[in-house]
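What follows is one structure encoded as structure tokens, with my remarks underneath.
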Amino acid sequence: MSRIGFIGTGHIAAPMVRRMVALGHEVIVTTRNTEVSSRLVASHGVKALEPQEVLDASEIVFICLRPAVAPDILSHLTFRAEHQIISVMAEHSEATLQNLCSPATSITRTIPLGFVEKGDCPLPVWGDAGLVTALFGSDNTILPMPQEDGLNAILTASAFMASQLDLLNTVANWTKSQIGDADVSEAYIRTLVSGFLMAMPRDTGSLEAERDGLTLPGSLNRQVMEALQEAGTHATLTRALDDVYERLTSK
């Protein structure tokens, strides 16, 4: 088991902290977010220390800071050459982190989502994929990136989540207006989508093939899909993704 430190203890770090504790690692978190860190101390028995103390006590270090404040905080800390750094910040490249975390040279970047502690989370990785696999790979999907910019593309894709939920909420609200029961409407939509995705073959299936199977000529699914296409929904989405990607890669 390893001694694992977290620089930054917010909503991104908390599920990873809980997972590391469940795996038997010794975990130390910073006290920067007192509400979250104190809750983790009480519920999972982690230690909460000042950032430099976290570094001094750790072998593996997760950096979970807001990108805007990260350079100022990290530049005042003293890293060790043997530290293994895992950054979950989208905006800071490996080159920037190499400078901020010197003399540490083992820099890995990944993008976890909140459900990583429960499994079935896709984890794109730039750097030491073996380290991320050792910590998360038993029940999550590790996706080594062929180039670092791939992380920006993955993060751009994840920015669709709120819009996807917004669309599903529109469908649930329409269903509620027809049957008069909000709980039944939302339960049906949630179960419909999650069940369909879970039933898809992971190795041989594709989104395109599953879509085509639902949209045979004259089908109800095809009628809705074509209405959205004619309204320019897909073109608007593509432009929005382009804009987000440009925002990330311009930093």
**Complete:** Apart from one, (1) touching a strand residue (DSSP E or B) at 6+ places or on another chain (Cβ under 8 Å); (2) outside any helix (DSSP H, G or I); (3) over 19 Å from residue 113 (Cα atoms); (4) at pLDDT 95 or above all hold for residue 102; the odd one out is (1)
**Request:** Consider only pairs whose beta carbons are under 8 Å apart and that are at least six residues apart or on different chains; among these, list those whose first residue lies in region 153-175 and is open to solvent by less than 50 Å² (accessible area, probe 1.4 Å) and whose second residue is polar (S, T, N, Q) and assigned to a helix (DSSP H, G or I).
**Result:** 172/185; 175/185
**Request:** Would you mention how many residues in region 33-63 are open to solvent by 70 Å² or more (accessible area, probe 1.4 Å) and in contact with an Asp or Glu (Cβ under 9 Å, 6 or more places away or on another chain)?
**Result:** 1
**Criterion (surrounded by fewer than 17 Cβ atoms within 10 Å (Cβ to Cβ), polar (S, T, N, Q) and within 21 Å of residue 129 (Cα to Cα)) met by exactly one of 102, 87** = 102
**Prompt:** What number of residues in region 105-128 are open to solvent by less than 30 Å² (accessible area, probe 1.4 Å) and either under 13 Å from residue 148 (Cβ atoms) or not in a helix (DSSP H, G or I) (or both)?
**Reply:** 11
**Breaking point among (1) free of Cβ contacts under 8 Å to residues at least 60 places away in the same chain; (2) farther than 20 Å from residue 118 by Cα; (3) touching a helix residue (DSSP H, G or I) at 6+ places or on another chain (Cβ under 6 Å), for residue 142** = (2)
**Asked** Taking region 5-32 as the search range and keeping residues that are touching a helix residue (DSSP H, G or I) at 6+ places or on another chain (Cβ under 6 Å) and in contact (Cβ under 8 Å) with a residue 60 or more places away in the chain, which one is most open to solvent (accessible area, probe 1.4 Å)?
**Response** 18
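A quick yes/no check of all residues on (1) modelled with pLDDT under 95; (2) among the β-branched types (Val, Ile, Thr):
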| position | (1), (2) |
| --- | --- |
| 108 | no, yes |
| 120 | yes, no |
| 131 | no, no |
| 147 | yes, no |
| 152 | yes, no |
| 171 | no, yes |
| 177 | no, no |
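The values are calculated or read from the model by the stated rules, or taken from the named source; none is laboratory data. Everything numeric here is computed off the predicted structure, so don't read it as measured data. Quick reminder, even Gly has a Cβ in these numbers, built from the backbone with ideal geometry, and neighbours come from all protein chains shown. The protein model used for the area step is the full one, side chains on, heavy atoms only, and it has no ligands, DNA or RNA in it. Shrake-Rupley method; radii C 1.70, N 1.55, O 1.52, S 1.80 Å.
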